[in-house]
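The values are calculated or read from the model by the stated rules, or taken from the named source; none is laboratory data. Computed from a prediction, not measured in an experiment: that's the story for all the values here. Neighbour counts run over all protein chains shown; Cβ positions are idealised from the backbone, glycine included.
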Amino acid sequence: MLIVMSWLREYVPGLPPSRAIADALIRAGFEVEGLRAVGGDVSGVVVGEIIGFEPVETKKKTVRWCQVRVAGGGAISDGATGDESTGDGAAVRGIICGALNFAVGDRVAVALPGAVLPGGFAITARKTYGHLSEGMICSARELGLGDDHDGILVLPPSTPLGADVASLLELADEVLDIAITPDRGYALSVRGIAREAATAFALPFDDPGLVGDPGLVDEPGLVDSPGLPPAVTPDSGGPGGSGGSGGASAYPVLVEDTAGCDRYVARVVTGVNPAAATPMTWARRLALAGMRSISVPVDVTNAVLLGLGQPLHAFDRAKLRGPIVVRRAAPGETLRTLDDALRTLDPEDLVIADDSGPIALAGVMGGASTEISATTTEIVLESAHFDPISVARTARRHRLSSEASRRFERGVDPALAPVAAAAAVGLLVELAGATAGPGVTDLDHRPAATTVSLPLGEAERLAGRPYPPQTVLRRLADVGCTLAGHTSAGGSSAGHTSAGRTSAGAVVDSVDGAVDREEVLAVVAPSWRPDLTRPADLVEEIVRLEGYDTIPVTLPRLPAGRGLTAAQRMRRTVGRALAGAGYVEVQTLPFVPEDAPDALGLAADDPRRAVVRVANPIAEDAAYLRTTLLSGLIAAAGRNLGRGQQDLALFETGLVFRERPGGPAPVTAPAVDRKPSADEITALDAALPEQPRHLAVLLAGRSEPAGWAGPGRAVDWADAVDAAHLVAEALGLTLTVAAGEAMPWHPGRCAALSLDGRLVGYAGELHPRVHGGVGLPARTVAMELDLDALLAVAEAAPPVAAPTISTYPPADRDVALAVPVQVPVADVTAALRAGAGALLESLTLFDVFEGEQVGPGQRSLAFGLRLRAFDRTLTAAEANAARDAAVAVAADRLGASLRA
Amino acid sequence: MSAPGETVDPSRVQALDPDQLAAAVAAAQKSIAGAADLAALAVVRTAHVQGDSAPLVRARRELGALPREERADAGRRHNAARAEVQAAFEARLAELTAERDTRVLREERVDVTLPPARRRRGARHPLSSLSDRLVDVFVAMGYEVGEGPEVEHDWFNFEALNMAPDHPARSEHDTLYVEPVGSGRLLRTHTSPVQIRSLLARPLPVYVVAPGRTYRNDAIDATHSPVFAQLEGLAVDEGITMADLRGTLATFAEALFGAGLSTRLRPSYFPFTEPSAELDVQCFDCRGEAARQPCRVCSDEGWIELLGCGMVDPNVLRAAGVDPARYSGFAFGMGLERAAMIRYGVREIRDFVDGDVRFGLPFGIED
């Protein structure tokens, strides 16, 4: 919201400098995104009169050589600048001008030599098109008055010749850019910010939006005094009665849907002068507030919108067919809106209709068929209040956010409708020579104001400091609240009734500290604050206006916590272990393309094909959620390789997303006014995909770095398996490794990893097809584990049982076995362990080879057995017996034979 | 070896003859003198001084085989011989040790500035380290860590947090919805649903923090990312006030940016808190002093917007089955990327998700 400070100051006289206002607003909860000074750097621009011109042909276009009188009768008027160039008495200047939108006798803004335009742009006399041009005739944009650069700025004929344009048009101003939170619809107006500013500096505030307030009746001045949207002008007759029954109707209106539209005020003006121009000061204000000046009627509705916060709509009365009806759209109805889009309406859309059908989307945008035009002379003004949710839905449905819809969604003051309509009528009378039509149509179906029961001690309960009753009441009054009464702790009602509502401020004196903290106030929020419905809402206002900086600093007294859960602690351990082992953690985006499972070569029935799709993805080629961490790791590896990093060891932990078998279970969202039942919570969770936490690593290039000592070591499948063991060991677990076959791994170099008989992941070399897909080097390896599964086992594991340390010497025995090549080493070691029995302390595989010496289909496995007893020194015979028993089991189970 | 009482074998006891002993001493001395280095001397030691097969060691074993009357003399001779050899050995040992210390070790000198380059370097992600660090601050105060899914149900993400389907604040969330449309599934837009999950799953009072990934429909660029990390905090107990919130956040800001920086609460708006606030912390770089500006960290504002917070809205408490008349609570939520960018001077938010090892490595295992 752009707030023009000169406008704000008219609402609240006596405000301090703008920087102080900005700081006060920040303290009151308004995020100031900028404070910009405008026009202060314009000088030396005066009002001139075109007394003649002649066309000058140039290569591209025709320009004009103009004679411009800049001082009346050869004298310099009082309003002229002290610019030296005018001091020589040259009353008429020759100036080249590229615009054609003026005639002899027009008054224009002339930047004389020595003048400065916005941005420090200095004007000098210079030779151009064969003439010495002594200055420049300015467009609105060149003066910083907005975007209009279609021609020069033509001023009203009454503008005093020689006057300083900067002061005449009040060019010097400041604009405050404030971000308005969605709960504060009232602040989307000068009126709303004015109340906050007045409160911040304890200044009186005559709210121009209040019914019956004499307001600031506009003065007839045209340029010098733009005035305000007047509250209620004498000729408007004030707001009409409820339901349109209290006075003469302005225009027939039928509200069929009083829930969607609880207030509809219509006013008529006739005799609008289509040629009337918006005064520069108004055009300037609108421009500074971010709106273009279009025509007087449009500008007037925008001025009221910005000033009071009431969206208005102007219908061309000549184009209306019969009475105005507010209703929901019928199925299949269409409407061409002002942005020239033909919209098919939804039966939930609230529309304004006449006999021809819908003519506007209520509270969102008008329709083309009744749009006011350059020839419009009679206008029906709509000043209404529409249901926020209805407007929000329609705006969202049609992807059509407007100044009006933005305000209605956040809440417009329903009491404001007749005031705003009167203000607009007043301005049209003043600026466009219009005549206010008789009567006011006011269909008022507003619900009764609700009363909030506020215990006097509530602010203290939530904020942690005392707020004396007078403070509470004063702050409530600042917000605009009234009191319907107050009740003592005993429940007896005292003071005010709803019939005799009192400004909370008026009560301040009457209570005079006698109200005790146990009392409950019956507070009625002002009509412009639909967000104040509960005690907590009022507490925020009290605490905010007193200042959050007055809240003390304390700490809650917590019960003893249990620290991290075992799983949370172990996740950290795993991350540290991997980082310590030389892996770099990455956190990739979880979005993958539709063909991600294909790129990994996953089988048709692979559970990782149970993908979940984002309904409104950021990009179509990233519309799915990952079912494996490998997709992201491979992509990250690709980025590193593309940037020259060849040796990679990456790891990632994160959630993967898999649709449950059978898809999501339909679920009805529980109510929010009570705790959901356990069944309801279970049903909500069952509607979500499975989201286990996985851990994956990827290694490419060298596992040990190359350097002066050697060429390093290329990664191989065993690095990936080792990474899995590293993770398991960090958690105190032992993985079982078996040959596996799963994409995207090399079918001959894939280890299936199990824990307690449950498959928990794979490790090994990636399939060559996968390398080809994403440009990874050959022999890239990877590992992925279901970390949650590991953590579940680790959490349940008993504490480590400490080993008994033998102090006796070991007996080492080596055996070389010939084993059929298809027998996994894991089976051989298992057999040796089983055979050697309790005396085996450790088993080391120290040599593996195949070749002629071993024989076809066989390989040689050489193991070192370290044998030890914890109660004696083993004899040679005992050690040999254990060794022989180990070999015997291997021979028996696996056909292994002892090599000579 | 001859045992006492056995018949003396003259050939075995001749090793104790004076001549034999002298020969053994001479041989030992020659070998000791000839040992070129400590390794050679160690071999000589075994062969001539102390080894089981050294002649003098063997000769000693035969003492008992001598007739009683000869033993004393032989013993004296043998001791003298051994002492002589031992002295020669120790002298040579000292000599060779000295030589090693003065010459050999110097000749073995290496350039210890050669990079060892035996290991790969690894690192944790800065957001992981930062998250742990911040979580630990709260765990030390007695908080526990709450968790929740990233694909979340609308009820947890919005409805129970006082954002009904048409709530205007929803439009600010740029939500990524998950198919099928209308199923209520979405990628959580904040960690606040963990507030609801924690309140539903835990007995009161509840003090939890919840770090985690969150999602918005934002294309990735230098300052935006569709995925970002948040840290949520929630305290629900009897008598919790905004003063408690202020104190807690001041402690937290100190842990993040160091002591001595002031904080300020600004009124703000969140549907799930009332009253609501934003916490600014004084810029740690310029401390708001114009003399130290222009300031890259705070863009000369003097303050850094750190997080959103407030008193848990009574509707939120009600939806989680907590009586708002008896209990009150505060909640806060902050973006970790922003904190990390400020703390570490990260320039592009994209760096957090690109996975470039050059970005990650400097952070090490603990930042």
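Which strands (runs of 3 or more DSSP E) does the stretch A:320-394 wholly contain that include 1 or more residues that are of a type in the set (Phe, Trp, Tyr) and either surrounded by 20 or more Cβ atoms within 10 Å (Cβ to Cβ) or out of contact with any Lys or Arg (no Cβ under 9 Å at 6 or more places or on another chain) (or both)? Because the criterion is at least 1 residues that are of a type in the set (Phe, Trp, Tyr) and either surrounded by 20 or more Cβ atoms within 10 Å (Cβ to Cβ) or out of contact with any Lys or Arg (no Cβ under 9 Å at 6 or more places or on another chain) (or both), the strands (runs of 3 or more DSSP E) in the stretch A:320-394 that meet it are A:379-386. The stretch A:114-189 holds strands (runs of 3 or more DSSP E) entirely within its bounds, and those carrying 2 or more residues that are in contact (Cβ under 8 Å) with a residue 60 or more places away in the chain and in contact with a Lys or Arg (Cβ under 9 Å, 6 or more places away or on another chain) map to A:173-179. For the condition out of contact with any Lys or Arg (no Cβ under 6 Å at 6 or more places or on another chain), surrounded by fewer than 20 Cβ atoms within 10 Å (Cβ to Cβ) and among the acidic types (Asp, Glu), residue B:238 qualifies. Cβ-Cβ contacts under 7 Å between residues 6 or more apart (or on different chains), taken from a first residue in the stretch A:292-313 that is on the phi > 0 side of the Ramachandran plot and charged (D, E, K, R) to a second residue that is in a strand (DSSP E or B) and modelled with pLDDT under 95, are absent. Meeting the requirement of 1 or more residues that are within 14 Å of chain B (Cβ to nearest Cβ) and either within 19 Å of residue A:539 (Cα to Cα) or without any contact (Cβ under 8 Å) to a residue 40 or more places away in the chain (or both), the strands (runs of 3 or more DSSP E) wholly within the stretch A:414-495 are A:451-455. Entry remark, the stretch B:136-147: residues being more than 7 Å from chain A (Cβ to nearest Cβ) and under 11 Å from residue B:232 (Cβ atoms) number 3 in total.
Just checking, which of B:338, B:358 is assigned by TED's automatic domain parsing to the domain that holds residue B:263, within 31 Å of the chain's Cα centre (by Cα), surrounded by fewer than 17 Cβ atoms within 10 Å (Cβ to Cβ) and not in a loop (DSSP other than H, G, I, E, B)?
Values: B:338 fails: surrounded by fewer than 17 Cβ atoms within 10 Å (Cβ to Cβ).
Exactly one of B:338, B:358 is assigned by TED's automatic domain parsing to the domain that holds residue B:263, within 31 Å of the chain's Cα centre (by Cα), surrounded by fewer than 17 Cβ atoms within 10 Å (Cβ to Cβ) and not in a loop (DSSP other than H, G, I, E, B), namely B:358.
Candidates B:367, B:285: the one that is more than 10 Å from every other protein chain (Cβ to nearest Cβ), under 27 Å from the mean Cα position of the chain (by Cα) and on the phi < 0 side of the Ramachandran plot is B:367.
Of the residues making up the stretch B:268-311, those that are among the polar types (S, T, N, Q), touching a residue at least 40 places away in the same chain (Cβ under 8 Å) and in a loop (DSSP other than H, G, I, E, B) number 0. When the stretch A:559-592 is filtered for residues that are more than 7 Å from every other protein chain (Cβ to nearest Cβ) and either among the charged types (D, E, K, R) or at positive phi (or both), the ones remaining, listed by number, are A:569, A:571.
Among the residues of the stretch A:618-655, those identified as assigned to a loop (DSSP other than H, G, I, E, B), without any contact (Cβ under 8 Å) to a residue 40 or more places away in the chain and either in contact with a strand residue (DSSP E or B) (Cβ under 9 Å, 6 or more places away or on another chain) or surrounded by 23 or more Cβ atoms within 10 Å (Cβ to Cβ) (or both) are A:618, A:619, A:623, A:626, A:627.
Scanning the stretch B:178-225 for residues that are among the small types (Gly, Ala, Ser), touching a helix residue (DSSP H, G or I) at 6+ places or on another chain (Cβ under 9 Å) and more than 10 Å from chain A (Cβ to nearest Cβ) yields B:192, B:210. Assess whether residue A:587 counts as being under 32 Å from the mean Cα position of the chain (by Cα), farther than 25 Å from residue B:357 by Cβ and either at pLDDT 95 or above or in a helix (DSSP H, G or I) (or both). So residue A:587 does not fit the description; no.
Against the conditions (1) among the charged types (D, E, K, R); (2) at the interface with chain A (Cβ under 10 Å from one of its Cβ atoms); (3) touching a helix residue (DSSP H, G or I) at 6+ places or on another chain (Cβ under 8 Å); (4) assigned to a helix (DSSP H, G or I), residue B:133 satisfies every one except (2).
In the stretch A:596-616, of all residues being surrounded by fewer than 18 Cβ atoms within 10 Å (Cβ to Cβ), in a loop (DSSP other than H, G, I, E, B) and within 14 Å of another protein chain (Cβ to nearest Cβ), the one that is nearest to the chain's Cα centre (by Cα) corresponds to A:616.
Here's the yes/no breakdown for (1) closer than 28 Å to residue A:570 by Cβ; (2) touching a strand residue (DSSP E or B) at 6+ places or on another chain (Cβ under 7 Å); (3) at the interface with another protein chain (Cβ under 7 Å from one of its Cβ atoms):
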site	(1), (2), (3)
A:666	no, no, no
A:671	no, no, no
A:683	no, no, no
A:686	yes, no, no
A:693	yes, yes, no
A:696	yes, yes, no
A:699	yes, yes, no
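For (1) assigned to a helix (DSSP H, G or I); (2) more than 30 Å from residue A:850 (Cβ to Cβ), each residue gets a yes or a no:
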site: A:793; (1), (2): yes, yes
site: A:799; (1), (2): no, yes
site: A:804; (1), (2): no, yes
site: A:814; (1), (2): no, no
site: A:826; (1), (2): yes, no
site: A:830; (1), (2): yes, no
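Inspect all residues belonging to the stretch A:713-726 and state whether any of them is without any contact (Cβ under 8 Å) to a residue 12 or more places away in the chain and either part of a loop (DSSP other than H, G, I, E, B) or of a type in the set (Gly, Ala, Ser) (or both). Looking for residues that are without any contact (Cβ under 8 Å) to a residue 12 or more places away in the chain and either part of a loop (DSSP other than H, G, I, E, B) or of a type in the set (Gly, Ala, Ser) (or both), one finds at least one in the stretch A:713-726, hence yes.
Mind listing just one residue for me: the one in the stretch A:668-696 that is acidic (Asp, Glu) and in contact with a Lys or Arg (Cβ under 9 Å, 6 or more places away or on another chain) and, of those, surrounded by the most Cβ atoms within 10 Å (Cβ to Cβ)?
As a first pass, look at the stretch A:668-696 and keep what is acidic (Asp, Glu): A:673, A:679-680, A:685, A:690.
Right, trim to in contact with a Lys or Arg (Cβ under 9 Å, 6 or more places away or on another chain) and you get A:673, A:690.
Details: A:673: 8, A:690: 17.
Filtering the stretch A:668-696 for residues that are acidic (Asp, Glu) and in contact with a Lys or Arg (Cβ under 9 Å, 6 or more places away or on another chain), the one surrounded by the most Cβ atoms within 10 Å (Cβ to Cβ) comes out as A:690.
Hey, among the residues in the stretch B:252-267 that are assigned to a loop (DSSP other than H, G, I, E, B) and without any contact (Cβ under 8 Å) to a residue 24 or more places away in the chain, which one's nearest to residue A:27 (Cα to Cα)? So that I can check it myself, show each step before the final result.
Keep residues of the stretch B:252-267 that are assigned to a loop (DSSP other than H, G, I, E, B), which gives B:258-262.
Adding the requirement that they be without any contact (Cβ under 8 Å) to a residue 24 or more places away in the chain leaves B:259-260, B:262.
On the way: B:259: 24, B:260: 22, B:262: 15 Å.
For the stretch B:252-267, the residue satisfying everything is B:262.
Within the set of pairs 6+ apart or on separate chains, which have a first residue in the stretch B:148-177 that is more than 7 Å from chain A (Cβ to nearest Cβ), a second that is among the aromatic types (Phe, Trp, Tyr), and C-beta atoms under 7 Å apart? Within 7 Å, the pairs are B:161/B:272; B:162/B:272; B:170/B:158.
Of these, A:580, A:563, which one is free of Cβ contacts under 8 Å to residues at least 24 places away in the same chain and closer than 30 Å to residue B:204 by Cβ? Let's see the steps before the verdict.
Working: A:580 fails: closer than 30 Å to residue B:204 by Cβ.
The unique qualifying residue is A:563.
Checked against the criterion of being more than 9 Å from chain A (Cβ to nearest Cβ), buried (at least 24 other Cβ atoms within 10 Å of the Cβ) and either of a type in the set (Val, Ile, Thr) or within 27 Å of residue B:170 (Cα to Cα) (or both), the candidates B:245, B:279, B:231 yield just one match: B:279. Considering only residues that are more than 27 Å from residue B:275 (Cα to Cα), touching a residue at least 24 places away in the same chain (Cβ under 8 Å) and surrounded by fewer than 17 Cβ atoms within 10 Å (Cβ to Cβ), look in the stretch A:7-46 and name the one that is farthest from the other protein chains (Cβ to nearest Cβ). Ranking the qualifying residues of the stretch A:7-46, first place goes to A:13.
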